[in-house]
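The values are calculated or read from the model by the stated rules, or taken from the named source; none is laboratory data. Treat the numbers as computed from the prediction; the structure is a model and nothing was measured. Backbone-built Cβ (ideal geometry, glycine too); neighbour counts: all protein chains shown.
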Amino acid sequence: MPIKNFSVTNRILGIIFTFIFLVLYIWVQNSKWASFITYDGFALGVFPKIFLLFSVIFSIGMIFDKYSNEVPEELKKINYQAIAKNILMIIFCVIYFIFFQLIGFIIPTIIFLFTSSYVLLGARPLKLVCFSTLVMSVPIYIVLVALGII
């Protein structure tokens with residue numbers, strides 16, 4: 001069921017995104033891991049900082065562009081369920097990152113992949129979701145080890 005009178009313009013989205021990306025940039029800048037130098041001499045936080053800076057720039061562009069007062073067609077059809085799923089996914093990501101740091105890779109990754117794909121995305125059948133969760137954990141682990149994160 002679409003939300004009635006939900007008129008989010010590009011300008012409002014730009015303001016929201018700018019705020020979110022600035023907060024994330026400040027968090028990354030102040031995180032210990034961002035200045036961690038990997039085995040190849042590269043700071044771990046360089047790419048997140050670059051991504052967030054470009055995101056801030058493009059979000060500011062949304063505030064001042066010629067379409068800033070328009071309501072995108074997609075937002076005219078938005079419903080509460082879509083908003084709730086996006087908020088839950090953000091919450092799951094935060095919980096995943098916290099538990100990843102506290103207890104390690106395996107358990108939080110399997111739980112995160114399962115809940116995000118089965119519960120939020122609605123992937124079915126259950127056997128396939130369980131199998132793909134276990135299979136996808138392996139390449140993620142290999143990449144994180146190769147990057148020196150684990």
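Odds and ends about this structure:
- Among the residues of the range 89-109, not a single one is assigned to a helix (DSSP H, G or I), over 30 Å from Tyr39 (Cβ atoms), without any contact (Cβ under 8 Å) to a residue 12 or more places away in the chain and of a type in the set (S, T, N, Q).
- Some residue of the range 61-80 being within 30 Å of Ile150 (Cβ to Cβ) and free of Cβ contacts under 8 Å to residues at least 40 places away in the same chain: no
- Qualifying residues in the range 86-101 (those that are of a type outside the set (A, V, I, L, M, F, W, C) and at pLDDT 85 or above) - the one surrounded by the most Cβ atoms within 10 Å (Cβ to Cβ): Tyr96
- Residues of the range 119-131 satisfying the condition of being surrounded by 12 or more Cβ atoms within 10 Å (Cβ to Cβ) and either under 22 Å from Ile91 (Cα atoms) or modelled with pLDDT under 90 (or both): Val119, Leu120, Leu121, Ala123, Val129, Cys130
- In the range 52-76, residue nearest to Leu22 (Cα to Cα) [restricted to those that are part of a helix (DSSP H, G or I) and β-branched (Val, Ile, Thr)]: Val56
- Selection status of Leu53, outside the structural domain of Leu13 (by TED's automatic domain parsing) and surrounded by 11 or more Cβ atoms within 10 Å (Cβ to Cβ): no
- Residue in the range 29-46 that is surrounded by the most Cβ atoms within 10 Å (Cβ to Cβ), counting only those that are in a helix (DSSP H, G or I) and modelled with pLDDT under 90: Ala34
- The number of residues in the range 102-118 that are under 17 Å from the mean Cα position of the chain (by Cα) and either loosely packed, with under 11 Cβ neighbours inside 10 Å or within 15 Å of Ile149 (Cβ to Cβ) (or both) comes to 2.
- So Lys4, is it of a type in the set (Lys, Arg), under 30 Å from Gly122 (Cβ atoms), modelled with pLDDT under 90 and surrounded by 11 or more Cβ atoms within 10 Å (Cβ to Cβ): no
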